[in-house]
Amino acid sequence: MDAEYRKIVCVAVIIASAVFLSAITFSNYIGTKASKENDVMSEEVSFRKNPIITDIYTADPAPLVYGDTLYLYTTHDEDELINDFYTMRDWRCFSTKDMVNWEDHGCIFSLEDISWADDRAWAPQAIERNGKFYLYCPVHKRNGGMAIAVGISDNPAGPFKDLGHPLVDEGDWNDIDPTVFIDDDGQAYLYFGNPELRYVLLNEDMISYDKEVGVVKIPMTEEAFAKGSHDTGTSYGEGPWFYKKDGLYYMVYAAFGVGQQNEHLAYSTSDSPTGPWKYGGVLMTEEGGVFTNHPGIADFKGHSYLFYHTGELPGGSLFHRSVCVAEFKYNEDGSIDTISKCDGVPAIN
């Protein structure tokens, strides 16, 4: 019995030792694996690669800084095209506090929310006033041309509710790509247009405009927008982005250079919110794999960013675009050197 007992004890010790060693090995494996995963996560949270949104196709980026958060509104290129053209039905919102970690707020406004529109959920821009958020969106009016809709919300991440009728509706195709800005004196401006640049003076309610002034057409001169190959003979094409920095007004826009078929980004400046405008130069060149581009500029936590779009995601095309971002700096005189498309941006505090 003693010999048999010792044999049993010996076997038990061997099994226990094997289990213990396996546990240590497995623990070391898990620890090493976790360490590697933590390293990868550390890399991911310190740098955001372009395109910054990878699960859907997005375009026409429109940033809004509110408090300690940057909200980014985009259009959404559907995977399946109808008639081999831009197939866009809704607007999306994403937010970040550090330019690296982004929260997806999903669909915040769509054509289904606008009873009088039937197509073309194109480039939007949002702004806050008196605790309300206003999202200006170009859409195709039923039995009409392009018009500008307004979505209203108590939350920057929506959802937005339609005003119920067009804000701007001239019955033509120029009423697209609205950009909105409130000046220091409280006057709000809504610029828009392709092929002409136009504006209205918004009333304080942000959902109506001064009808006595009406829709104002900006003179499309080479001095203002440079010689180009678009319909007005200037480089101005569409996608205006209007803002003010250090007393200087900026109009950034998608442009067509002489003989160029794809859009680059350019900018003009003025000492007045209504012009006259003076051409500043090329902001970003044509390369990017898509016919269009669309600027969105924001200062956020001491950094200046240009948002734009390319066709860099897998399956990218003229109608399947993806939003990107680049950091840039202003020169002392307020001018901006041409900004290179880049791999992405680092995290900020």
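Numerical summary
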read-out	value
For region 330-349 versus region 163-193, the gap between their alpha-carbon centres in whole angstrom	28 Å
Radius 10 Å from Cβ of GLU263, net charge of other residues (Lys, Arg +1; Asp, Glu -1)	-2
Mean Cβ count within 10 Å, highest first, over the residues of peptides 48-57, 145-154	145-154, 48-57
With every protein chain in place, region 77-181: carbon and sulfur % of accessible area (1.4 Å)	43 percent
³J(HN,Hα), Karplus 6.51/-1.76/1.60, whole Hz, each residue of region 204-221, x for Gly, Pro	4, 6, 6, 10, 8, 9, 5, 6, 5, 6, x, 8, 9, 9, 6, x, 8, 10
Kirkwood Rh and Cα Rg combined as Rg/Rh, region 169-274	0.97
Per residue accessible area of the chain, 1.4 Å probe, in Å²	47 Å²
FRET efficiency estimate (nearest 0.05) - Cβ-Cβ, GLU327 to GLN261, R0 25 angstrom	0.30
Computed helical MRE - 222 nm, the chain, DSSP H runs ≥ 4 contributing -39500 (n - 2.57), nearest 500	-5000 deg cm²/dmol
In nm, spacing of pseudo-spin labels at THR285 and PHE47 (7 Å Cα→C-beta vector)	2.3 nm
Unsatisfied cross-links (Cα-Cα over 27 Å) in the set LYS49/LYS97; LYS132/LYS341; LYS161/LYS245; LYS161/LYS301	LYS132/LYS341; LYS161/LYS245; LYS161/LYS301
Placed amide H near PHE300: partners under 5 Å, 5+ positions off or other chain	TYR305
Compactness relative to 2.2 N^0.38 Å, alpha carbon Rg of region 93-226	1.09
Shape call, region 106-166: gyration tensor on alpha carbons, a/c limit 1.5	prolate
Taking region 201-245 and dividing mean pair separation by its residue count, relative contact order in percent (alpha carbons under 8 Å, at least six apart)	19 percent
Over region 196-334, volume per residue of the alpha carbon convex hull, in Å³	142 Å³
Label-to-label distance, nm, for residues given as ASP104 and ARG129 (7 Å Cα→Cβ offset)	3.3 nm
Surface share of carbon and sulfur [accessible, 1.4 angstrom probe, percent] for region 228-349	48 percent
The chain: angle of helix 2-46 to the longest principal axis, Cα-based, in degrees nearest 10	10 degrees
Cα gyration tensor of the chain - equivalent ellipsoid semi-axes, whole Å, descending	51, 22, 20
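The values are calculated or read from the model by the stated rules, or taken from the named source; none is laboratory data. Since the model is a prediction, treat every value here as computed from it, not as a measurement. Neighbour counts run over all protein chains shown; Cβ positions are idealised from the backbone, glycine included. For accessibility, only protein heavy atoms count, side chains too; no ligands or nucleic acids. Shrake-Rupley method; radii C 1.70, N 1.55, O 1.52, S 1.80 Å.
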